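Here the structure is laid out as structure tokens; the discussion comes afterwards.
The values are calculated or read from the model by the stated rules, or taken from the named source; none is laboratory data. Treat the numbers as computed from the prediction; the structure is a model and nothing was measured. For neighbour counting, all protein chains shown are included, and Cβ atoms are generated from backbone atoms with ideal geometry for every residue, glycine included. These area figures cover heavy atoms from the full protein model, side chains too; ligands, DNA and RNA do not enter into them. Shrake-Rupley method; radii C 1.70, N 1.55, O 1.52, S 1.80 Å.
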Amino acid sequence: MTTIAYVANADSQDVSVLRLDAATGESTPVQQLALGGTVMPLAVSPDRRFLYASIRSEPVEVLSFTIDAVDGSLAPIGRSPLPASMCWIGTDRSGRFLLSASYGGSTIAVSPIDASGVAQPAQQTAATAANAHAVQADPANRFLFATCLGGGVVLGYRFDAASGRFAANDASAWPARSGAGPRHFVFHPDAPFVYLLNELDAGIDVLAFDAQRGVLTGVQTIDSLPPGFSGEPWAADIHITPDGRFLFTSERRSSTLAAFAVDASTGLLSRIGHVPTETQPRGFAIDPSGRWLLAVGQLSHRMSIYAIDAGRGSLAKRGECAVGRNPNWVEIVALG
């Protein structure tokens, strides 16, 4: 098994490809691929054969790459226009459609992915409340949810996985607290819960998910800020371990990672602690084994590697390495 990390670097306009030693956490450079534009969100297909990169400088577009099955290196196979500068991309659960969200354009879109793995121009777009920040399909691929930071809401849509078309599902909208700023979210891998990170107050909302109706209901709100924090929160990213036992978030002004234990029966979170990390940690990711967390700093231009304690969920730094300029997104795949 080979573990590969992909890091999007906005200012150096490239993607760093690194091999991660699954036993020690040591990283080894594989490739530094120039893309010629401001690259930010990345997405990997469910079968781990393709990687997609959103270019947010003009011309705004999505680039498609094959992933080498042996060493994880990338090879370009196509490029297509996007309807706006997309701050989030991801595939639906089948890998047949690329989902994207535009903060500046307050828009979400669905683009078909052809049989060769190339993302095509968008087949459907929809205006959202202000500042769409993420859009994902639920585990059954029946609903889409889109966070709108400025609009203070999570919008819900019915999704036809055969055609890739979507339509509003009003009952599933989740109104956030005033000033919370819904940003990124994750589904629990096994239990009916969604974990929503709010950028402006750094609160995490635990939402019960009715998979039949596509409805979200609040269960808990918990603060993700480190003790003694003062100033304006600027929360960034959220991820859950593959076994659903631990959840982590990043906060850019304090440059910290927060860790939480997850109760799978109730969905409730309990704090484990905080660790300092790279400066301005916009993006991080957890490897498929659930043993390693990789966090990048937009202002440090480096990546830190943490071991996740299997029993307690605490983080221990095991190494660091240089990447490109303004690293902001991390994807990790296991090959072989």
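Can you find even one residue in region 283-300 that is surrounded by 21 or more Cβ atoms within 10 Å (Cβ to Cβ) and either over 18 Å from the mean Cα position of the chain (by Cα) or without any contact (Cβ under 8 Å) to a residue 24 or more places away in the chain (or both)? No, region 283-300 has no match at all. When you scan region 250-263, do you find a residue that is surrounded by fewer than 16 Cβ atoms within 10 Å (Cβ to Cβ) and under 12 Å from LEU315 (Cβ atoms), even just one? No, region 250-263 contains no residue that is surrounded by fewer than 16 Cβ atoms within 10 Å (Cβ to Cβ) and under 12 Å from LEU315 (Cβ atoms).
On the stretch given as region 209-261, residues that are of a type in the set (Ser, Thr, Tyr) and in contact with a Phe, Trp or Tyr (Cβ under 6 Å, 6 or more places away or on another chain) total 2. Based on this model, can you work out whether VAL70 counts as farther than 13 Å from PRO41 by Cβ and open to solvent by 20 Å² or more (accessible area, probe 1.4 Å)? Taking the combined requirement at face value, the residue satisfies it. For region 241-263, the criterion of being in a loop (DSSP other than H, G, I, E, B) and more than 30 Å from SER27 (Cα to Cα) is satisfied by at least one residue. On the stretch given as region 114-142, residues that are polar (S, T, N, Q) and closer than 28 Å to ASP190 by Cβ total 2. Residues in region 130-170 that are open to solvent by 10 Å² or more (accessible area, probe 1.4 Å), among the aliphatic types (A, V, I, L, M) and within 30 Å of PRO233 (Cβ to Cβ): 4 in all. Of all the residues in region 174-185, those that are surrounded by fewer than 20 Cβ atoms within 10 Å (Cβ to Cβ) and either on the phi < 0 side of the Ramachandran plot or at pLDDT below 95 (or both) number 3. Of all residue pairs spaced 6 or more apart or on separate chains, those with beta-carbon atoms under 7 Å, a first member in region 312-330 that is within 24 Å of SER54 (Cα to Cα) and open to solvent by less than 20 Å² (accessible area, probe 1.4 Å) and a second member that is assigned to a loop (DSSP other than H, G, I, E, B) and aliphatic (A, V, I, L, M) are ASN328/ALA10.
Under 7 Å by Cβ, and 6 or more places apart or on different chains, what pairs join a residue from region 143-168 that is more than 19 Å from VAL186 (Cα to Cα) and part of a loop (DSSP other than H, G, I, E, B) with one that is polar (S, T, N, Q) and open to solvent by 40 Å² or more (accessible area, probe 1.4 Å)? Hits for this filter: ALA161/SER94; GLY164/GLN123.
Which one is farthest from ALA202 (Cα to Cα) among residues in region 235-249 that are open to solvent by 30 Å² or more (accessible area, probe 1.4 Å) and of a type in the set (D, E, K, R)? Looking at residues that are open to solvent by 30 Å² or more (accessible area, probe 1.4 Å) and of a type in the set (D, E, K, R), I get ASP243.
The listed residues are PRO46, PRO81, PRO76, and the only one of them that is more than 22 Å from ARG302 (Cβ to Cβ), open to solvent by 10 Å² or more (accessible area, probe 1.4 Å) and within 18 Å of the chain's Cα centre (by Cα) turns out to be PRO46.
Among the residues of region 286-329, just one is within 27 Å of MET86 (Cβ to Cβ) and among the acidic types (Asp, Glu), namely ASP287.
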